[in-house]
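A quick write-up on the structure given underneath.
The values are calculated or read from the model by the stated rules, or taken from the named source; none is laboratory data. Quantities reported herein were computed from a predicted structural model and do not represent experimental measurements. Reconstructed Cβ throughout: ideal geometry from the backbone, glycine too, with neighbour counts over all protein chains shown. With ligands, DNA and RNA removed, areas are computed over all heavy atoms of the protein, side chains included. Shrake-Rupley method; radii C 1.70, N 1.55, O 1.52, S 1.80 Å.
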Amino acid sequence: MGDAEVLTDDSGMFDAVVSGLVLNFIPHPERALAEMARVARPGGVVAVYVWDYAEGMQLIRHFFDAAIALDPTAVEHDEGPRFPICHPDALCRLFESSRLHNVEVCPIEVSTVFRDFDDYWLPFLGGQGPAPGYAMSLSEERRALLRERIRANLPVNSDDSISLVARAWAVRGIQ
């Protein structure tokens with residue numbers, strides 16, 4: 001166990017330093033990235049990837065678009081506005097401010113296919129994470145309204161499956 005903002009490794013120790021799906025959860029991402037750059041050797045790669053909560057994480061986007069339409073205060077739980085670092089421009093600026101060179105950002109897109117609406121909806125009833133936590137904070141009646149609003153707006157295939165994109169932004173720079 002460690003602190004991403006204060007790595008215990010020696011400077012210049014690694015050829016590559018990578019963080020997956022965590023940078024947006026660190027209180028001071030600029031400190032964490034500076035530490036990643038510090039422990040990378042000169043010429044080493046520093047890379048991260050984060051979900052595109054604002055647009056490309058469609059399974060979450062559909063949820064919060066419906067939630068906010070029914071209850072504008074739901075925006076407080078929406079990862080899109082909560083994690084502005086999860087955007088290519090913000091990631092690029094962060095890497096360049098850490099004095100990393102040859103910074104590149106690219107999307108990683110994964111197709112997510114749900115058998116049917118229940119396959120999509122049931123994970124939101126687990127209570128873990130912002131969207132499920134919000135769903136479970138609602139009364140049964142409000143949760144049913146949210147469920148039906150989402151169901152009405154999801155793109156459903158002829159076989160009742162639902163195909164959505166899960167996009168992450170990957171960024172890398174050279175020390």
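Exactly one residue out of Asp71, Asp89, Asp78 is more than 21 Å from Gly44 (Cα to Cα) and either exposed (fewer than 13 other Cβ atoms within 10 Å of the Cβ) or modelled with pLDDT under 95 (or both): that is Asp89.
Applying the condition of being in contact (Cβ under 8 Å) with a residue 12 or more places away in the chain, more than 22 Å from the chain's Cα centre (by Cα) and within 20 Å of Gly56 (Cα to Cα) to the range 154-175 and asking which residue is most open to solvent (accessible area, probe 1.4 Å) yields Val156. Filter the range 140-175 for residues that are of a type outside the set (Lys, Arg) and either closer than 16 Å to Ala69 by Cα or assigned to a helix (DSSP H, G or I) (or both) and give the result. Within the range 140-175, Glu140, Glu141, Ala144, Leu145, Leu146, Glu148, Ile150, Ala152, Asn153, Leu154 qualify.
Arg93 - would you say it is closer than 25 Å to Tyr49 by Cβ, in contact with a Pro (Cβ under 8 Å, 6 or more places away or on another chain) and basic (Lys, Arg)? The answer is no for Arg93. Within the range 1-29, residues that are within 27 Å of Asp52 (Cβ to Cβ) sit with their Cβ atoms under 6 Å from residues that are open to solvent by 70 Å² or more (accessible area, probe 1.4 Å), at 6+ positions apart or across chains, in these pairs: Glu5/Arg31; Gly20/Tyr49.
Here's the yes/no breakdown for (1) part of a helix (DSSP H, G or I); (2) at negative phi; (3) over 23 Å from the mean Cα position of the chain (by Cα):
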residue: Cys92; (1), (2), (3): yes, yes, no
residue: Asn102; (1), (2), (3): no, no, yes
residue: Val105; (1), (2), (3): no, yes, no
residue: Glu109; (1), (2), (3): no, yes, no
residue: Val113; (1), (2), (3): no, yes, no
residue: Pro123; (1), (2), (3): yes, yes, no
residue: Tyr134; (1), (2), (3): yes, yes, no
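Looking across the range 81-90, just one residue is more than 28 Å from Arg147 (Cα to Cα), part of a helix (DSSP H, G or I) and in contact (Cβ under 8 Å) with a residue 40 or more places away in the chain, and that is Pro88.
Selection of the range 1-15 for residues being within 11 Å of Ala37 (Cα to Cα) and open to solvent by 60 Å² or more (accessible area, probe 1.4 Å) yields Ser11, Met13, Phe14, Asp15. The number of residues in the range 37-80 that are in a helix (DSSP H, G or I) and without any contact (Cβ under 8 Å) to a residue 40 or more places away in the chain comes to 9.
Looking only at the range 1-34, residues that are in contact with an Asp or Glu (Cβ under 6 Å, 6 or more places away or on another chain) and outside any loop (DSSP other than H, G, I, E, B) come to 2 in all.
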